[in-house]
Amino acid sequence: MKCTNPMSRIGKKPIIIPAGVTVTVADSLVRVTGPKGTLEQKLHPHVTVTVADGAAEVSVKKPDLKDDRALWGLFGSLVRSMVVGVTVGFEKKLEVQGVGYKVVLQGNDVRFDVGFSHPVLFPVPNGITITIDKNVISVQGISKQLVGETAARIRKIRKPEPYKGKGIRYVGEVVRRKVGKAMKTAA
């Protein structure tokens, strides 16, 4: 079945390149350099990126095909996120809730005391900065994927449980609580 609208809504929008940021394309590799660092992304063979007068445009070989339209939007979002990452950066915040739960930064590792019989050491990946303020963990970096993946791996150490709400969760995340077992009253 042919699509009636063969244009990707996200992919067709030009990506504005702010001052101080350079976008170069060479050998199916997009490199974005800015004040916070450099990011690279390998392009799919059907996708091309052109840079002209302060904007980058993403295009595909066959916009009629569903797979190519999907790639068009994907690579448009990836390049846009790269530009935002090298200018502003990305941040995810997590909070630790539970009596006696502690988080401490030890050199290049984060030590979690979250109710296990042993502390959990989490190595901080390259390109990520972690800061801890009381019970809030802030994960920062220029790569959107790496920041999100690191935050998800930290949350996985002790997911929030539904009965008391203890664990590691994203700031603002709502954990649906369950009612525990009711105690029978003696008659």
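The values are calculated or read from the model by the stated rules, or taken from the named source; none is laboratory data. Computed from a predicted structure; not experimentally measured. FYI the Cβ positions are ideal-geometry reconstructions off the backbone, even for glycines, and counts take in every protein chain you see.
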All positions within segment 128-160 that are assigned to a loop (DSSP other than H, G, I, E, B) and either surrounded by fewer than 15 Cβ atoms within 10 Å (Cβ to Cβ) or assigned by TED's automatic domain parsing to the domain that holds Met82 (or both): Lys134, Asn135, Lys159
Qualifying residue in segment 113-130 (condition: modelled with pLDDT under 95, among the charged types (D, E, K, R) and in contact with a strand residue (DSSP E or B) (Cβ under 8 Å, 6 or more places away or on another chain)): yes
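If we keep just the residues of segment 66-89 that are part of a helix (DSSP H, G or I) and small (Gly, Ala, Ser), which is farthest from Thr24 (Cα to Cα)?
Step by step, filter segment 66-89, then rank; the result is Ala70.
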Of the criteria (1) assigned to a loop (DSSP other than H, G, I, E, B); (2) not assigned by TED's automatic domain parsing to the domain that holds Val23, which one Pro63 fails: (2)
Some residue of segment 140-149 being over 14 Å from the mean Cα position of the chain (by Cα) and under 24 Å from Gly165 (Cα atoms): no
Total residues in segment 43-85, condition under 14 Å from Ile16 (Cα atoms) and in contact (Cβ under 8 Å) with a residue 24 or more places away in the chain: 18
